[in-house]
Every structure is written in C-alpha cells, then in structure tokens.
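Structure first, commentary second.
Each reported figure results from applying straightforward, stated rules to the coordinates on display, with no laboratory input. Just so it is clear, the model here is predicted, and its values are computed rather than measured. Virtual Cβ from ideal backbone geometry, glycine too; neighbours counted across all protein chains shown.
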Amino acid sequence: MNVAFYAPMKPPDHAVPSGDRAIARALIAALQGCGHDVHVASTLRTFDRDGDAAVQAQHADEGAREAARLVAVYAARPPDLWLTYHLHHKAPDFVGPRVTRALGIAYVVTEASIAPPQANGRWARGYEAAYDAIRGADAVVFVNPADVREVRNARAPGALAFPVVPFIDTRAFTPRSEAVSSSERPRIATVAMMRGGAKLASYRLLAVALLSLRELAFDVVIVGDGPAHAEIAALFAPLGERVSFVGALGEAGVAATLRGCDLFAWPAIDEAIGIALLEAQASGLPVVAGASPGVAGIVADARTGFLTPANDASAFAAAIRELVVDLRLRAAMGAAAARHARTHHDLRAGGAQLDAILREVVSAPRRRAPPPRPPGLAATLP
C-alpha cells in the first residue's frame, strides 16, 4: 500500500531527539519492513505548548492551505491510506481529515488522546479539531492504554479500534556479551530530555532517591540535554563525581552508553509510554520506573524491573537499592528484560500487527460522515 504519514506534534525528521520522534520513525520503518510505500505527507507542526488561541487559529489556517495543496498533489494518484501519529489537543490534525474526505481514502490515527477538561480551556480550538479527527477516523490504533476510555466514548459504537504494543528496532540495542556482570560498583543510566514540567519533576525525584542511597557504591550516567540542564545539574551536584552528564546522543550513542551500564532508572512522571525504558530493556538492563498504564505495558514488574507508585521517592529508592546490592537479581532481570523486549516489542512484530490492521481498514467500507457531535461542542471545522 501507498501510505501517507503525518505527525502534527513533531515530524520524524525533526532535529531534536525524543520519544515522539522515535515512535514516528519506528512506525514508518515497521510498515516499510512489511513492503508498504510510506512517505511523509507533510511536516507542518501544529504543536501549541502554551494554549494560545491565536496560534491555534493560525495552525488551522495553515492546515487548510496544506490540505488544499496535498489534494492537488494527490489528485492523479491518491495514497491508499493516511496515517496520523500522536494526535491531541496540543497538536491537532488540521490536514488529514480534509485530505482524506476530499480523496475518499481511509483515515487512521494512532496514539490519539482526548482530555475533556480542555474542551473549554486554553486549547479549545485544538481540542475541537482533535476531537473531530478522532471521532471521524476510519480507525484508531491505541498505543497507550490510558487513552482508550475517552477515545472510545467519543466514537460511534462499533467503530474500528485496535491496540498495539509499543515497539523499537531491538537490533540496534544489544546487551553485554558476558552472562553476568561482575561490577561491584554498578552504573545507573537514565535517558531523558531536560525540560520543565514532568521531565524536570522526574529528574527531581530521581535525584532525591539517589541522594538517599549515598552510602551505596554506584555511579550515574545521564543522557540528555535541554533548557533545564543547569537546574537538573544542580539537583545532582551533591553526588559529585559519581554523576556523568554525557549530553544528548543519537541512537548509536545511546545504545553504546546503555551497553556500558548495569541498570536503568527513570520515575516516568506523566510518561505516556517511555521508549527509553524499552531501549534499556533491549540493552539487557533491568529498569526501575514509576507506574502508569503505558509504562506498565512495557515493563514486567518484578520480572524485567520494578514499577513503583507514581511520585513516591522512597519506594523508588528502595527498588534501586535492591538492584544495586543484589548482583544476581540484577543479572537475572537484565536477561529477562532483553528477552521481553525482543519477544514482545520488536519492530518486526509491531510491523506485522500494523500491516494486518491497515489491510483490514482499507478493505472496510468508508464512513461517509462522522457520527453526531455530543451536545455543547460547537462546530468550527468544515
């Protein structure tokens, strides 16, 4: 199939590494691996970080113009299907619904979320556009279990919806060759962007947990960079030379760094999925992470690592302690983590799931119009 791919949050060729970019690239690679012709239809970003009505109106206008351009481009030879990745009120799809309606092709969205409190808030225009796109899509593919309830509530009974597990190219991440690490001073890794909000909150909890374990022998390797770097560095300063900040790295650099570490720790506050947690497990590292529906879907608690209650620094520290002091447990969980990642979250398995889903969607009858809106949600989109 010829698949038009679009990521309104961040295009797959964006310069800044992130989980969003990694998943977008993995989706494309997985479909290409199944023989599909996948192309990025547009690189228009509609991300509005601050909830600015003027910015959302501008994005809507840009989206309408981009849609008109693409309809003309595809007029002679339309793609078989349009796939939009990561759709929500801060990054709505102003392009795909217009293009697919004009061309009469299937419209599929993946990792779509609905936050009802935003219906009349600062992101009202973005919320409405995202809601309409999700509601009228031919199919929704769920990556994060936390999204399922609200998205299903917005759609017609029986509307096509499919769960898929997150996946990565596990071949890019290989564990250490030795069966059991002999390190008496384990290296704890974390990989995350350095910015405010939930990322900073996670770094803060991680620092508190590690400071409470100072009597133990361990070192810390932090991969990442961003506007909050100075503030984050200050959080870890009491640990002195135990902590190494290696900056932002590409996939190969991340893989090499993880291969030289012994366990992975990330509180994952408000984390939808946590691709770095998958990369760590594929590298043979047991992980300690804060529990959430998305994270619980990729980390097998007490088998490939430990999941601790969200925002609980004491529980997080206790889980790290257990892996730092018990070399055999660390090795056993690391081996289980590598098997788990390759068995359940590999690119090829993900591609097979997506291939079956998209073929079913394309063969199904097109919905001519979305189901009625719920009362109180005004129409602004054509």
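Across A130, A72, A209, mean-square fluctuation computed from a Gaussian network of the chain (C-alpha pairs under 10 Å connected) peaks at A72. Based on DSSP H segments of at least four residues, each scored -39500 (n - 2.57), the chain has a per-residue ellipticity at 222 nm of -12500 deg cm²/dmol.
Report the charge-dipole magnitude of the stretch 22-67 in Debye, nearest 20, computed about the Cα centre from +1 at each Lys and Arg Cβ and -1 at each Asp and Glu Cβ.
In total the dipole reaches around 220 debye.
When the chain is described by a simple charge dipole with +1 on each Lys and Arg Cβ and -1 on each Asp and Glu Cβ, the residue from V108, G351, G51 located farthest towards its positive end is V108. Classified by the C-alpha gyration tensor, the stretch 174-260 has an oblate form. Its axis ratio a/c, with a ≥ b ≥ c, is 1.5 or above, and a/b does not exceed b/c. Comparing S202, S212, S18 in a Gaussian network model of the chain where C-alpha atoms under 10 Å apart are linked, the largest mean-square fluctuation is found at S212. Convex hull volume per residue, computed on the Cα atoms of the stretch 5-93, equals 93 Å³.
Gap in Å between the Cα centre of the stretch 185-203 and the Cα centre of the stretch 303-327? Measuring centre to centre over Cα atoms gives 15 Å. For the chain, a simple Cβ point-charge model (Lys and Arg +1, Asp and Glu -1, everything else neutral) yields a dipole of about 640 debye relative to the Cα centre. Taking +1 at the Cβ of each Lys and Arg and -1 at the Cβ of each Asp and Glu, which of N120, S363, G196 sits farthest along the dipole of the chain towards its positive end, judged by Cα position relative to the Cα centre? Working it through, the farthest residue towards the positive pole turns out to be S363.
Compactness of the chain is given as radius of gyration and Dmax, 21.7, 69 Å, from Cα positions. Ordering H89, H39 from the fewest to the most neighbouring beta carbons within 10 Å gives H39, H89.
Not counting the cut sites, what is the longest span of the chain without GluC sites (Glu not before Pro) that DSSP labels loop and that have at most 11 other Cβ atoms within 10 Å? Working shown, then result.
On the way: sites that count: E178, E184, E215.
Between exposed loop sites, the widest span is 1-177.
Just checking the listed ones, A67, A272, A53: in the Gaussian network model of the chain with Cα springs under 10 Å, the one fluctuating most is A53. Once C-alpha pairs closer than 8 Å and six or more residues apart are averaged by separation and normalised to the residue number of the stretch 170-344, the relative contact order reads 27 percent. Each peptide among 117-126, 136-145, 291-300 gets the average number of other Cβ atoms lying within 10 Å of its residues, and from highest to lowest they stand as 136-145, 291-300, 117-126. Rounded, prolate or oblate: which fits the stretch 277-361, taking a ≥ b ≥ c as square roots of the Cα gyration tensor eigenvalues, rounded meaning a/c under 1.5, else prolate when a/b beats b/c? Taking the square roots of the gyration eigenvalues as a ≥ b ≥ c, the stretch 277-361 is oblate. List the trypsin sites (Lys or Arg not before Pro) within the stretch 162-255 that DSSP assigns to loop and that have no more than 15 neighbouring Cβ atoms inside 10 Å. In loop regions of the stretch 162-255 (DSSP not H, G, I, E or B), the sparsely surrounded trypsin sites (Lys or Arg not before Pro) are R214.
The order of D270, D20, going from fewest to most other C-beta atoms within 10 Å of their C-beta, is D270, D20.
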